[in-house]
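Report on one structure; see the data block that follows.
The values are calculated or read from the model by the stated rules, or taken from the named source; none is laboratory data. Keep in mind the model is a prediction, meaning the values are calculated, not measured. In this analysis, Cβ positions are derived from the backbone assuming ideal geometry, glycine residues included, and neighbour counts consider all displayed protein chains.
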Amino acid sequence: MGLPESETREIEAFLFLEARLADESRYDEWEALWTPDALYWVPRRPDLDPEKEVSHIYDNRQRISTRIRQLKSGFRHSQTPASPMRRVLSNIEIAGTGPGSYEAGANFMLMELAIQSTRNMNFWGGRILYSLRREEGQLRMAVKKILLIDADEPIANLAFLI
């Protein structure tokens, strides 16, 4: 048996909000969506062991905060000004894993205009896996794992929030 419709809609709305905040470079609001023990991970392969192999991004909560400070500093030249971007989420699947805990997955397509340098339009696609938890009545992200279709190929700069 699945989640109640209202709970499913709340989780979907949270995922859409997280995507919009990242797209709009609303860094403080985006950072507030994370749990204290968060993990933000972009592996090169789905089965990669991050303790033994290099990932594109493997940030704990402190590193997420550092990433946000750098993006807000004006000295992260690869993102000054911030890339205009929009992402689309689809095929959202949600499962409850315990009281106030959820696993969710969504396919995504992200369009990014690299206005700082090449002015190229970059397309990023894949699957996002989320671990969500209710803390003090609010949904928060404990894990965001991005499985890029081309993750093990040479890729452009990932200096933004993917």
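Conditions tested, residue by residue: (1) closer than 21 Å to residue 147 by Cβ; (2) among the acidic types (Asp, Glu).
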residue	(1), (2)
22	yes, no
26	no, no
31	no, yes
34	yes, no
42	yes, no
48	yes, no
55	yes, no
58	yes, no
63	yes, no
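Contact annotation: residue pairs with Cβ atoms under 6 Å, 6 or more positions apart or on different chains, pairing a residue in region 57-73 that is farther than 21 Å from residue 155 by Cα with a partner that is modelled with pLDDT of 90 or more and in a helix (DSSP H, G or I), are 68/27; 68/31; 72/27.
Only one of the numbered conditions (1) at pLDDT 90 or above; (2) more than 30 Å from residue 101 (Cβ to Cβ); (3) surrounded by 15 or more Cβ atoms within 10 Å (Cβ to Cβ) is violated by residue 116, and that is (1).
If you scan region 74-101, which residues turn out to be farther than 25 Å from residue 154 by Cβ, surrounded by 15 or more Cβ atoms within 10 Å (Cβ to Cβ) and at pLDDT below 95? Selection gives 96 alone.
Scanning region 130-156 for residues that are assigned to a strand (DSSP E or B) and either surrounded by 17 or more Cβ atoms within 10 Å (Cβ to Cβ) or aromatic (Phe, Trp, Tyr) (or both) yields a total of 14. Would you check if residue 104 is over 17 Å from the mean Cα position of the chain (by Cα) and surrounded by 14 or more Cβ atoms within 10 Å (Cβ to Cβ)? When the stated conditions are applied, residue 104 does not pass them.
The listed residues are 66, 8, 35, and the only one of them that is in a strand (DSSP E or B) and among the β-branched types (Val, Ile, Thr) turns out to be 35.
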